[in-house]
Amino acid sequence: MWTNLATLVRYRGLIRSLVARELKARYRGSILGFFWSFINPILLLSIYTFVFTEILENRDPDLQPYSLFMFCGLLPWTWFSSSLNEAAGSLISGSNLIRKVLFPAEVLPIVSVLANMVHFFFGLLILAAFFVGLQYRPDWHDLVWFPLVVLVQLVFTTGLALALAALTVHFRDIRDLLSNLLTFWFFATPIIYAYYMPSVQGYRWLFNVNPFFHLSVSYQEILFFRGSFVHGHLKLLLEFGLVSIGVFIAGYWLFDRLRDSFAEAV
Amino acid sequence: MSTPAISLHHVSKRYRRYGGRQFATLKSALLSGDLVRKLRPDETFEALSDVSFDVAAGQTLGVIGRNGSGKSTALKLVAGITKPTTGTVKVEGRISALIELGAGFHPEISGRENVFINGIMLGLTRREIQARFDEIVDFAELRQFIDAPVKTYSSGMYMRLGFAVAIHVDPDVLLVDEVLAVGDESFTHKCLDKFAEFKRRNKTILLVTHSLGLVERFCDEALWLDHGQMRGQGDPTRIIGAYMTDVERQEEQLLADADARVKASASDAPVADGPGPTDAGAAAADMMTASEGRWGSGEVQIREVTLFGEEGQPTHIFHTGERVTLRLAVSAARPVDDFVFGIGLFSAEGVFIYGTNTFIEEYDPDTLEGDAEIELVLDSLDLVEGTYKLDVAVHRRDGAAYDYHRLLYTFRVKSRVKDVGIYRPKHHWTFPPSVRFRIRP
């Protein structure tokens, strides 16, 4: 396992090219091309903003501007969920590579996660534009921790993506199960609502076992709730960082154990 | 001879037959590395069993064998794409496998970008590809189209580009699986030149192919696989000879089986009012159109038709120029005084090649009674390689059939010379001293 992990470093050039190809190929042939990377999050945000400020009006004064609050949680979630959805099918859709070319299979789910991370970064640019437009200034003391949250999410997502990709080869049901599970997971995580709202206090136990809870709250505290992260969720996030390393190792180990079965089962 | 570049040691590969599967518990699955519990022998298929061979560095090994003999499985094991069920596979040096060309191409992006990504997948660095890019594109003959998306390529262009990238990886061990059929003649020649260059530079090549001529010309050694087992390894000419003999034996078996079926279905007396011709003119017209069958009045019957080769053995496989004996066992229910024996020879496409009968050849019938064996000897079977069909008949001088066997007998002609047409006249070439030929490598 450790030697395989080491060879993975050798394949960074391949991973980089495949991520670039993924991004190029996705919008090839569309008129707006790469702008979709910006337009998609804007459209998504507009829909959510309309629903939650016009139809289900949100009056909590702490969550204003609401669209900004929601965007802080929605962007990382989109990265997370699309990564898992794509990674789960990545070995199957890349079957011609696995069966015909000597190819390190773990590259495929990792590319899914990284390509979506690039989209996440584009989304951050939009978010930054919103901050500027609304003249909303996050706290700099919190903001320095932002890369750490991204890193924790990357490690956690990659670990899960590897495990899911490996298992989906043998249990195709996972792909269908996963999309439903992710919908449930989305609503179980404080993204469109805040974790401290009185109405969700009965579900605190659910937050505690929800890994993404720590990420979404960290993002919200760093970007939206000014000056609350360092004395708030930071400690929990660091703990979760250790857990996510464990998740990564477990996911990679599972993937490595099942590696030899891929060429025949995909 | 130096240390082996490729070494297989008692390698077996079992595949699971497709079908319902039962899972092991997740725990035991993770411990064994396989999610499916140990399978019973009847649930698996052994693609390779106990195969051991070495290829010395710098040697070229040709792997031959019928479809399903495990050739491609062996290649995938050497490439490391699949792992052996038992045994060990060792390979020294960088491998490039020409198995599925352009397997990693993405249809939406350009040929140029695909060359880079494919090259990186095969183990090159970006800089190495940059240095070889022009060579790759020229080799693939795709300079005009290199910036077009790969989805617009024809399958030939696609394969050529895949081939060009793979061959420029500069491997120590090159694995080739039946990929030479990707281009036109000139492209094939270019590929062969490239292989020859690899050979000169002392690279190891493992070549899986059905083209025996290529193995004979090109390989230092041949390996013959049959139903997953090794039948021989060694000098290409010897191995190919053994393989050809085995193939002929199998074909002979097939033809003999077909013959046995014909005999079983035609063992009844000929159909008295079958589709048979009633006069000679109709017979001639019919000759061109009729399908196989048997008809006639049945007063004289052809009980058995046997072909014998030069050594007197009954067979269905002959070699060009061989002496062939055709034996008809006939029996007349009562004596007849009007009888003609005839044969007709057809190519597999139904072209009437030759026909004759005893009456044409001025044997005037007198009496035929009881059982008789008639032999027709063809001193030299001057036909090119192919499959041929035979009519045999006994009929009256006016053409009315006693027993007509239409295209019921099939035989095959083999030849080491791949000339074309139907008929090979006996021939030889003569040249003046000013015309010289090279000896084919």
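Rg then Dmax, both in Å and based on the Cα atoms of chain B: 29.5, 91. Remark: chain B carries 52 Å² of accessible area per residue (probe radius 1.4 Å; ligands, DNA and RNA excluded). A simple spin-label model places the labels of A:Y27 and A:W140 3.3 nm from each other, with each point 7 Å out along Cα-to-Cβ.
Close amide-amide hydrogen proximity is noted between B:R94 and B:D172, B:V173, each under 5 Å apart and 5 or more residues distant or on a separate chain (H modeled in the peptide plane; Pro and chain starts excluded).
Buried accessible surface for the B/A chain pair comes to about 2700 Å², total over both chains, computed with a 1.4 Å probe. Remark: relative contact order (chain B) = 13 percent; criterion is Cα-Cα distance under 8 angstrom and separation of 6 or more residues. Stretching the chain fully between B:K83 and B:A148 yields a gain of 19.7 nm (0.36 nm per residue, less the alpha carbon separation).
Scattering from chain A was approximated by placing one identical point on each alpha carbon and applying the Debye formula without solvent; log10 I(q)/I(0) at 0.17 1/Å stands at -1.42.
With an 8 Å cut-off on Cα pairs and a minimum separation of 6 or more residues, tell me the relative contact order of chain A in percent.
27
For region A:9-29, a decrease in accessible area of 40 Å² or greater in the assembled protein chains relative to the isolated chain, with a 1.4 Å probe, applies to A:L14, A:S17, A:R21, A:A25, A:R28. Compare B:V78, B:V377, B:V55 in a GNM of chain B, Cα atoms joined below 10 Å, and give the one with the largest fluctuation. Ranking B:V78, B:V377, B:V55 by mean-square fluctuation puts B:V377 first. Counting heavy atoms of the protein chains alone, B:E385 has an accessible area of about 80 Å² for a 1.4 Å probe. Divide the volume of the convex hull around the Cα atoms of region B:6-245 by the residue count and you get 154 Å³ per residue. Here the simple spin-label model places points 7 Å from the Cα toward Cβ, and for A:L182 and B:N202 these points are separated by 5.4 nm. Between B:L407 and B:V377, take the C-beta separation as r, use R0 = 22 Å, and let me know the FRET efficiency to the nearest 0.05. That pair, B:L407 with B:V377, gives E of 0.50. Expressed as a whole percent, the accessible area of chain B that falls on carbon and sulfur atoms is 52 (1.4 Å probe).
Averaging over all projection directions, the Cα-based convex hull of the protein assembly as shown occupies 46.0 nm² in the image plane. Pick from B:L174, B:L75, B:L408: which residue has the top mean-square fluctuation in a GNM of chain B where Cα pairs under 10 Å get a spring? Result for chain B, Cα springs under 10 Å: B:L408 fluctuates most. Taking label points 7 Å from Cα along the Cα-to-Cβ direction, A:D60 and B:I360 give a separation of 10.2 nm. Reducing region A:217-266 and region A:169-186 to their Cα centroids gives an inter-centroid distance of 19 Å. Over chain A, dividing the summed -39,500 (n - 2.57) contributions of all DSSP H runs of at least 4 residues by the number of residues returns a 222 nm mean residue ellipticity of -25000 deg cm²/dmol. Between B:T3 and B:T306, the FRET efficiency from the beta-carbon distance, with R0 = 51 Å, is close to 0.35.
Helix-only mean residue ellipticity at 222 nm, chain B, DSSP H runs n ≥ 4 weighted -39,500 (n - 2.57), per residue, nearest 500. What is it?
When only DSSP H runs of four or more count, the value is -8500 deg cm²/dmol.
Accessible area ranking (1.4 Å probe, heavy atoms, ligands and nucleic acids excluded), largest first, for B:E362, A:E239: B:E362, A:E239. Multiplying the residue separation of B:S12 and B:E369 by 0.36 nm and subtracting their alpha-carbon distance yields 122.2 nm. Residue pairs exceeding 32 angstrom between C-alpha atoms, taken from B:K13/B:K190; A:K100/B:K194; A:K24/B:K90; B:K71/B:K426; B:K199/B:K418: B:K13/B:K190; A:K24/B:K90; B:K71/B:K426.
Taking the Cα centre of the protein assembly as shown as the origin, how large is its charge dipole in debye, to the nearest 20, when only Lys and Arg (+1) and Asp and Glu (-1) carry charge on their Cβ atoms?
Using only the charged Cβ atoms, the result is roughly 3940 debye.
Computing FRET efficiency as 1/(1 + (r/R0)^6) for B:F437 and A:T3, where r is the C-beta to C-beta distance and R0 is 56 Å, gives about 0.50.
Could you pull out which residues in region B:407-430 have an amide N less than 11 Å from a spot 7 Å beyond the Cα of B:E251, following the Cα-Cβ vector? It comes to B:411-416, nothing else.
Shown here for region B:50-151: GluC sites (Glu not before Pro) in loop regions (DSSP other than H, G, I, E, B) with at most 13 other Cβ atoms within 10 Å, of which there are none.
The loop-placed trypsin sites (Lys or Arg not before Pro) in region A:151-219, going by DSSP, that have at most 16 neighbouring Cβ atoms within 10 Å of their Cβ come out as A:R172.
The values are calculated or read from the model by the stated rules, or taken from the named source; none is laboratory data. Computed from a predicted structure; not experimentally measured. Counting neighbours? That spans all protein chains shown, and the Cβs are built from the backbone with ideal geometry, glycine included. We work out accessible area using only protein heavy atoms, side chains counted, and drop any ligands, DNA or RNA first. Shrake-Rupley method; radii C 1.70, N 1.55, O 1.52, S 1.80 Å.
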